[in-house]
Amino acid sequence: MAPEKAHHFTFSLIKFLHKIPGIAPILKAIYGFEHPKLEKTLFGLHFKNPIGLAAGMDKDAKLFNEFGNMGFGFVEIGTVTPLAQPGNDKPRSFRLPKNEALINRMGFNNEGVKAAAERLKNRKDKSVIIGGILVRIK
Ligand SMILES: Cc1cc2nc3c(=O)[nH]c(=O)nc-3n(C[C@H](O)[C@H](O)[C@H](O)COP(=O)(O)O)c2cc1C
């Protein structure tokens, strides 16, 4: 599957699974790991663990709670830009299997900061610490 297709497939799968009642606690039980030695309070925030998901996966703040259920101590949404933008023409991400690497030439495709802020404002579950990147493209 092309990398970007695999991304959207996985995204939809995680979203779909979380619609099934009882899945979230099961994922938490499977992927969650808590230990006092992993916990840290920084900037007035209590991190359950130091493992965060970097920007680029949940670009539009749509899946942060789900990733929280999968054990991440925090999730970085974005990069978002002031206005929605399509990013670079496809294909724009390429696998380098020999190097176990991926070329990311996405070009900050996102639905804009307002949409992400709305989702964050309306989130019911506030258990996940969220960071975000906003970039102004001149
Ligand atoms: C497909 C893709 C999209 C990314 N998008 C962003 C982004 O929007 N903003 C950002 O700051 N980093 C972005 N990154 C960089 C990642 O946050 C991370 O720094 C980089 O992938 C290196 O970490 P890794 O080796 O764990 O993947 C992206 C990376 C990939 C592979």
| query | Which one of these is part of a loop (DSSP other than H, G, I, E, B), within 15 Å of ASN65 (Cβ to Cβ) and more than 16 Å from the ligand (Cβ to nearest atom): LYS15, LYS19? | reply | LYS19
| Odd one out for GLY78 among (1) of a type outside the set (A, V, I, L, M, F, W, C); (2) surrounded by fewer than 15 Cβ atoms within 10 Å (Cβ to Cβ); (3) part of a strand (DSSP E or B) | (2)
| query | How many of the residues in region 65-75 are away from the ligand (no atom under 14 Å from the Cβ), open to solvent by less than 20 Å² (accessible area, probe 1.4 Å) and not in a loop (DSSP other than H, G, I, E, B)? | reply | 2
| request: Check LYS37 against each of (1) away from the ligand (no atom under 12 Å from the Cβ); (2) under 17 Å from the mean Cα position of the chain (by Cα); (3) at pLDDT 95 or above and name the one condition it does not meet. | output: (2)
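The values are calculated or read from the model by the stated rules, or taken from the named source; none is laboratory data. All figures in this text were calculated on a predicted structure; none of them were measured in a lab. Positions of Cβ are backbone-derived with ideal geometry, glycine not excepted, and every protein chain shown enters the neighbour counts. These area figures cover heavy atoms from the full protein model, side chains too; ligands, DNA and RNA do not enter into them. Shrake-Rupley method; radii C 1.70, N 1.55, O 1.52, S 1.80 Å.
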